[in-house]
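The values are calculated or read from the model by the stated rules, or taken from the named source; none is laboratory data. Values in this document were obtained by computation on a predicted structure and should not be read as measured data. No Cβ is skipped: glycine too gets one built from the backbone with ideal geometry, and neighbour counts run over all protein chains shown.
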Amino acid sequence: MSIERAHETEVAAEAWFVALDVDGTIMHEDGTIDDAVADAVARAVERGHLVTLATGRSWSTTRPVIEALGLAPEYVVCANGAITMRRDDTAPDGYVREHVETFDPTAVLERIRAFLPSGKFMVELPDGYRLYTEGMTEWNLENAREVVFDELLDQRATRVVVTSLEHGLEEFFGIVDQMGLHHVSYAIGWTAWLDIAPDGVNKATALERVRGWLGVDAARVFAAGDGRNDLEMFAWAGSAGRAVAMGQAPEEVRAAAGEVTGPVVEAGLATALDSLP
């Protein structure tokens, strides 16, 4: 039996596959979630929709969000599509790694450092453990260890994060453009940070795989997000279903979505979710 057939799940004909970004979509910058958003998520589940998360976060920082929302999705997409978790009630935290994409970050790390010698770097390993260089203080560094730059090389990584907060966003865009990064997928964040995944891997590639496993029609997919790492997800969802950008998203992100809801500070996601049947 193929993997696809093995994962097929019977779903109600009217159920939508709902993929939600976390930061800036579900959650505020301070880590809080509006009651209106949590209630809208719960109502969507009660109506039979298959609600999951699709985030750049690692699994260890995604799991608490699932718990806060009271969700128990069959699959969860983490690390911008590099890791897909599957629910397994026998596992210690209720989930196992079902699909993992890795790459050797050596070449891209060395190239980026040539352009950003004062940059701060973090590499996430397949088991979720992270290695980071000195100064990477703005990230959650649980389950992580500080190392010198050379220890980041010759690893199998699911994700690389690079920050250079002394640069403005437009300046950072210019530097990244000069790098000519090849054989990886990457997205630039709200500030001067770069999120790198294996080549051809993003939220959309993982979500399309999960959609096939769940057996949901492409016309009944719904995705909501606010960042540049959601662009491929919007193209995937919007091709037949619905793509919704948060109101505070950058102009290029809002333009890529078929719909725009209110900003996170106005619990815009709740309005979008309540528009589902």
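Starting from residues that are at pLDDT below 90 and out of contact with any Gly (no Cβ under 9 Å at 6 or more places or on another chain), keep the ones in region 136-147 and report whichever is surrounded by the most Cβ atoms within 10 Å (Cβ to Cβ).
Checked region 136-147; the qualifying residue surrounded by the most Cβ atoms within 10 Å (Cβ to Cβ) is 136.
What's the total number of residues in region 42-77 that are in a helix (DSSP H, G or I) and over 18 Å from the mean Cα position of the chain (by Cα)?
Adding up the residues that qualify gives 5.
Assess whether residue 87 counts as being modelled with pLDDT of 95 or more, assigned by TED's automatic domain parsing to the domain that holds residue 267 and not aliphatic (A, V, I, L, M).
Considered against the rule, which asks whether it is modelled with pLDDT of 95 or more, assigned by TED's automatic domain parsing to the domain that holds residue 267 and not aliphatic (A, V, I, L, M), residue 87 comes out as yes.
Out of everything in region 79-126 that is part of a helix (DSSP H, G or I) and in contact with a His (Cβ under 8 Å, 6 or more places away or on another chain), what residue ends up being nearest to residue 20 (Cα to Cα)?
By that ranking, first place goes to 108.
When you check residue 5 against the structure, is it of a type in the set (Lys, Arg), at pLDDT 95 or above and surrounded by fewer than 16 Cβ atoms within 10 Å (Cβ to Cβ), yes or no?
So residue 5 fails the test.
State which residue pairs qualify: first residue touching a residue at least 12 places away in the same chain (Cβ under 8 Å) and inside region 208-221, second residue among the basic types (Lys, Arg) in any location, beta carbons under 8 Å apart, and separation of 6 or more residues or different chains.
Between residues of region 208-221 that are touching a residue at least 12 places away in the same chain (Cβ under 8 Å) and residues that are among the basic types (Lys, Arg), the close pairs are 218/211; 221/211; 221/242.
For region 109-147, name all the residues that are in contact (Cβ under 8 Å) with a residue 60 or more places away in the chain and closer than 20 Å to residue 174 by Cβ.
Answer for region 109-147, where residues must be in contact (Cβ under 8 Å) with a residue 60 or more places away in the chain and closer than 20 Å to residue 174 by Cβ: 111, 112, 115.
Mind listing whichever residues of region 92-103 are acidic (Asp, Glu) and modelled with pLDDT under 95?
Matches in region 92-103: 93 only.
Surrounded by fewer than 17 Cβ atoms within 10 Å (Cβ to Cβ), farther than 22 Å from residue 77 by Cβ, modelled with pLDDT under 95 and hydroxyl-bearing (Ser, Thr, Tyr), is that true of residue 164?
The answer is no for residue 164.
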